[in-house]
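Report on one structure; see the data block that follows.
Please treat every number below as a calculation from the coordinates, not as lab data. These numbers come from a predicted model, not from an experiment. Here Cβ is always computed from backbone atoms with ideal geometry, including for glycine, and neighbour counts include all displayed protein chains.
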Amino acid sequence: MGNRRTTILALLAVILTLGALWYVNRPVILQEATMAEVQAEAARGGYRLINTEELAKVYRQAPAGFLLVDTRQDWEYRSGHIKDAVNFPMEPTGWSRWRSRDRIAALLGPDRDRLVVFY
């Protein structure tokens, strides 16, 4: 009876482990957001979208505390980025963003009026 219980528990542990490994490493199919979805998210989040012309104007003026954040992967950032931009790779999944919340808070700092641009 004891061996049977141990075998069942071991089998259950293997199944749970395999399931967890599959879930963590499963392919994520990215769904591109429409401009309407991006605008709705900006409105919900209370932030403003700008176009490249507006960004160029702000960048040339370089206001104090301006933070430019490159959200591409490290290797993409190293291959070329806008001068003075900092790299903060952001994965497209909610889980990844949730895990990064402390790091992003540290990057942004306490100044809530600071101009921050993510690209």
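How would the range 42-109 be classified by its alpha-carbon gyration tensor: rounded, prolate or oblate, with rounded meaning a/c under 1.5 and the a/b versus b/c comparison settling the rest?
It comes out oblate by the Cα gyration axes.
Using only helices, what value at 222 nm comes out for the chain when you add -39,500 (n - 2.57) per DSSP H run of length 4 or more and divide by the total residues, to the nearest 500 deg cm²/dmol?
Values: 6 runs with 64 residues, N = 119.
-16000 deg cm²/dmol, from helical runs alone.
Test of the criteria: in the range 19-119, which trypsin sites (Lys or Arg not before Pro) are in a DSSP loop and have at most 14 other Cβ atoms within 10 angstrom of their Cβ? Please report the intermediate quantities before stating the final value.
On the way: sites: Arg44, Arg48, Lys57, Arg60, Arg72, Arg78, Lys83, Arg97, Arg99, Arg101, Arg103, Arg112, Arg114; in loops: Arg48, Arg72, Lys83, Arg112, Arg114.
Answer in residue order: Arg48, Lys83, Arg112, Arg114.
Explain nothing, just compute: Karplus ³J(HN,Hα) = 6.51 cos²θ - 1.76 cosθ + 1.60, θ = phi - 60°, for every residue of the range 113-118 in order, whole Hz, x for Gly and Pro.
Going residue by residue, I get 9, 5, 7, 10, 10, 9 Hz, with x marking Gly and Pro.
What is the diffusion coefficient of the range 14-78 in µm²/s, taking the Kirkwood radius over Cα pairs and the Stokes-Einstein relation at 10 °C with a viscosity of 1.306 mPa s?
98 µm²/s
DSSP H helices in the chain with Cα extent of 20 Å or more along the helix axis and mean Kyte-Doolittle hydropathy at least -0.5?
On the way: long enough: 2-25 (34 Å, 1.02).
Long hydrophobic helices here: 2-25.
Compare the Cα positions of Thr93, Leu11, Ile104 along the charge dipole of the chain (+1 at Cβ of Lys, Arg; -1 at Cβ of Asp, Glu; about the Cα centre) and return the one farthest towards the positive end.
Result: Leu11.
Just checking my list (i) 77, 30, 29; (ii) 62, 31, 26; (iii) 47, 44, 26 against Cα extents along the principal axes in Å computed from this structure; which label fits?
Correct label is (i).
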